[in-house]
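Inspection log for the structure reproduced underneath, given as structure tokens.
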Amino acid sequence: MAKYRIGILNGDYIGPEIIAEAIKVIDQVAKKFQHDYQLEYLEASGEAFDKYGEHLPQHTLEKAAACDALLKGPFGGPPEELNHPKWANVEQGAILPLRKHFNLYTNLRETRVLPALEDLSPLKPEIVRGIDLLIVRELTSGIYFGPKERRVVDGERESSDLEVYRESEIRRIAEKAFGYARKRRGKVTLVAKSNVLVSSVLWREVTAEVAAGYYDIELDYLHVDNAAMQLVLNPRQFDVILTNNIFGDILSDEASVLSGSIGLFPSASLGDSSFGLYEPIHGSAPSIAGRDIANPISAILSAALMWRYSFDGEQEASVIEKAVADVLAQGYRTVDLMTAEGTLRQVGTKEMGDLIVQAIG
Ligand code: IPM
Ligand code: MG
């Protein structure tokens, strides 16, 4: 019997509420499939700042390294407190270092449209029906991690962030994208801006070299501005989108909303081993925290990805995903998923978690 060590980073505001529901689901799946697991609670972000004056203490990194996978809630504070030291530095102080420390260079963000939720999309049902795309975002390099500067030039302030990519960094993420495409519908769309950016020219060169080793996979290319437009005009053309850190950040928000609510979407961040970081793609939503109304599905589906990618548990992952789809098909909705349709039943965070646990059986 495998024993999985799962590190829990609760996150801020709605974080602990939705992670608690994901833990209920993990527990149910573990019982159903007779897996043994152990939770390690790790201090980070607001909670760690209050205690230690830093967002990602060394002891958290050390304990995390002893885990097989990490489940993380969203980090961050309310917009009106963003200058407060507790929240000002969460991205640079915790989120980015966590990704970098564990070399989690592959970020996977999938968008699918569940038939039960077609009505929620801001786009027409005939455009969104059948969307099934995977964004493979480079996560530990590019403009997020390149040299940054602020200076004064000719008496005025000037600043710069550099987009730097090495060939090897592009090659390893491109290899991942082609590998995933092979398990899906066999198409990779590279998104960059090679008409302007020389770093994008390198992405095109290296990706074409990688593609030569995958004769069965089609490689398409779009400039990022066009890709942003194509995502709303004809999203079904996409299977795997391969892109850099910053374009992936932007396009994944756009892609997530095609399906109706950002509250549904999980992500996986992986490196070269089975260790992974699993988290919702949305923020900590301070305005709805503590009211039992947040949608826990993004966290619950993050747990599904954990089984799939870190624990080699395709069956366990599918059982969770099917339970979520079934509960939604039965008409249960958290408030973010409500429409005027008469047969829907609004439920809170905990009840949604309970329903999904029951559906797993
Ligand atoms: C995301 C987030 C982060 C990012 C922020 C919070 C640093 O937007 O995971 O998409 O830009 O990567
Ligand atoms: Mg983002």
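Values in this text are rule-based calculations from the coordinates and carry no lab data. Keep in mind it's a predicted model, so treat the numbers as computed, not measured. Quick reminder, even Gly has a Cβ in these numbers, built from the backbone with ideal geometry, and neighbours come from all protein chains shown.
What percent do you get for the relative contact order of the chain when only Cα pairs under 8 Å and 6+ apart count?
Reported relative contact order: 23 percent.
Let me understand the range 256-353 better: what is its radius of gyration from the alpha carbons, and its Dmax, in angstrom?
Calculated on Cα positions, Rg and Dmax stand at 14.3, 48 Å.
Give a residue-ordered list of calculated ³J(HN,Hα) values for the range 288-296 (Karplus: 6.51 cos²θ - 1.76 cosθ + 1.60, θ = phi - 60°; whole Hz; x for Gly, Pro).
Per-residue couplings from phi come out as 10, 5, x, 10, 6, 10, 5, 7, x Hz.
Please count, across the range 124-259, the pairs of lysine residues with Cα atoms under 30 Å apart that sit 8 or more places apart or on different chains. Before the final figure, lay out the partial values.
On the way: Lys124/Lys183; Lys124/Lys187; Lys124/Lys193; Lys148/Lys176; Lys148/Lys193; Lys176/Lys187; Lys176/Lys193; Lys183/Lys193.
Value for the range 124-259: 8.
Going by amide H atoms built from the backbone, whose H comes under 5 Å of the H on Tyr332, apart from near neighbours?
So Tyr332 has HN proximity to Arg345.
How long are the three semi-axes of the equivalent ellipsoid for the chain, computed from the Cα gyration tensor as the root of 5 times each eigenvalue, in whole Å, largest first?
Details: eigenvalues 185, 137, 93 Å².
The equivalent ellipsoid of the chain has semi-axes of 30, 26, 22 Å.
Starting from the Cα of Lys31, draw a straight line to each of the lysines and keep only those under 18 Å, dropping any in the same chain fewer than 8 residues away.
Leaving aside lysines fewer than 8 places away in the same chain, those within reach of Lys31 are Lys3, Lys322.
For the range 40-52, just list the computed ³J(HN,Hα) in residue order, Karplus coefficients 6.51, -1.76 and 1.60, θ = phi - 60°, integers in Hz, with x standing in for Gly and Pro.
Running phi through 6.51 cos²θ - 1.76 cosθ + 1.60 with θ = phi - 60° gives 10, 7, 10, 8, 7, 6, x, 4, 5, 4, 4, 8, 10 Hz.
Looking at the range 124-259 only, what percent of DSSP beta bridges run antiparallel? Nearest 5 please.
On the way: 6 of 20 bridges.
Here the antiparallel bridges make up roughly 30 percent for the range 124-259.
Measuring from centroid to centroid over Cα atoms, what is the spacing of the range 1-63 and the range 65-93 in Å?
Centre-to-centre (Cα) distance: 14 Å.
Taking only C-alpha pairs under 8 Å that are 6+ residues apart, what is the relative contact order of the range 71-152 in percent?
Contact order relative to length: 28 percent.
Using the Cα atoms of the range 124-259, I'd like the radius of gyration and the largest Cα-Cα distance, Dmax, both in angstrom.
16.3, 57
Using modelled backbone amide H atoms (1.01 Å from N, in-plane), which distant-in-sequence or interchain residues come within less than 5 Å of Phe75's amide H?
Asp12
With the chain treated as a Gaussian network of Cα nodes joined by springs under 10 Å, which of Glu54, Glu163, Glu209 yields the largest mean-square fluctuation?
Checking each option, the largest mean-square fluctuation is seen for Glu209.
Going by how many other Cβ atoms sit within 10 Å of their own, how do Lys176, Lys86, Lys124 line up, fewest first?
The most exposed by this proxy come first: Lys124, Lys86, Lys176.
Under the rule of -39500 (n - 2.57) per DSSP H run of 4 or more residues, summed and divided by the residues of the chain, what mean residue ellipticity at 222 nm is obtained, to the nearest 500 deg cm²/dmol?
Numbers: 13 runs with 141 residues, N = 361.
That comes out to -12000 deg cm²/dmol.
Taking θ = phi - 60°, what integer Hz values does the Karplus form 6.51 cos²θ - 1.76 cosθ + 1.60 yield along the range 269-278, in sequence order, with x for Gly and Pro?
10, 10, x, 9, 10, 7, 4, x, 10, 10
At a 10 Å Cβ-Cβ cut-off, how would you order Ser168, Ser259, Ser141, fewest neighbours first?
Lowest count first: Ser168, Ser141, Ser259.
Within the range 224-259, list the residues whose amide N lies under 14 Å from a label point set 7 Å along Cα→Cβ of Arg129.
Label zone hits: 236.
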